[in-house]
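The values are calculated or read from the model by the stated rules, or taken from the named source; none is laboratory data. This is a predicted model, so every value here is computed, not measured. Virtual Cβ from ideal backbone geometry, glycine too; neighbours counted across all protein chains shown.
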Amino acid sequence: MPPRFDGAREQSGCVKRLVHGILAFGISAAILWLLYRKLDMATCVAVFENARYPHLLGIAITQAGIYLLSAWRWLTMARIYCRLSYVESLTLNLSSSALNAIVPSKLGSFAKAYFLNRRGRVDAKAALSLVIYERLSDLAAMSAVFLAAAAWPRADSALMSVTLLAAAAMLLGFIALHLVRVSRWGLVARAGRVRGLSKIVEWADVLHLFHDNPDLPAAKLWKIHAMTLALWLCHAAQLVFLFRFLDLRVPELAIVAHMFCALFVGLLPVSVAGVGTRDLAIVQLFQGMLTYPQAVVVGGMTTLVRYIVPTLIGLPFLAISGSWRIKAEAEPGKK
């Protein structure tokens, strides 16, 4: 059962979230103002003069692939604990995409655990473990694609070098997660009895809860990894289509390597859905490959295609998921 908080602690948490939201919005707005103040509307429109509109179809198809693969993966994972239809899985994923645009580091994905738990399908720890494992799997696959793409373009900036090291560490950490169970070490287990440290050990247990499930065969785990890799290849293809739509002559591997680096920067929880920080990284990373207006427009198009449009599509499904919670609470005997 998740811990219950008294009113004072809940109020304190709300204040902290409000302050963080205001700061994140301020950072995003400030960076965007600095980037766009050098441009006028005519300069931005000029970037679209040679736009190749058939490539919009490629962007749409890859986005559909991202939705369908994400729902299939979540369905495969959730069925370890409960019965779930593909339509329900797709609805939950579309709902989380609406929240991901307004919360940092794609934490909107945790809405899937919330709705699943509130419907009485999965207990809180298992639902949380599902989402954590899914997010870690995403980071590992994203890191693998980034490292493979960046093997050809040389790391020509400090930002790229640091991100390469971080991606390698995340990939190795994900592999280690399956080989080492830290919470079972004697010293760590004893530390769990110490007040203040018990929560850390408890979180370590939650971290392993999904992939340690005896009902999860190795074949299904590998299937989940394969779907995750395919999902991030769809993301990579979408970014290439975005550049081709704007008729920007940048090699495919360079697009994937530098754009994935910018996506990693956008995951830092200092702005609203990475807006601003991701744009600034794109401008810095593509120096010498794109003009300044082109790089700024790429940042804006990335936000539009990958965050604003999915949010608008996901909002109706977020309302549907909310009605599931109301329905579940109305059923007698449900908690």
Condition check: among the β-branched types (Val, Ile, Thr), in contact (Cβ under 8 Å) with a residue 60 or more places away in the chain and farther than 14 Å from LEU267 by Cβ. Does VAL145 satisfy that?
yes
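Show me the helices (runs of 4 or more DSSP H) found entirely inside the range 7-117 where at least 3 residues are at pLDDT below 90 and not basic (Lys, Arg). Outline the logic, then answer.
Values: elements: 7-36, 41-46, 55-78, 86-100.
Hits in the range 7-117: 7-36, 41-46, 86-100.
From MET227, MET259, grab the single residue that is closer than 30 Å to LEU280 by Cβ and either modelled with pLDDT of 95 or more or in contact with a strand residue (DSSP E or B) (Cβ under 6 Å, 6 or more places away or on another chain) (or both). Lay out the reasoning, then the answer.
Values: MET227 fails: closer than 30 Å to LEU280 by Cβ.
The match here is MET259.
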Given the structure, is THR43 of a type in the set (Val, Ile, Thr) and closer than 25 Å to LEU246 by Cα?
yes
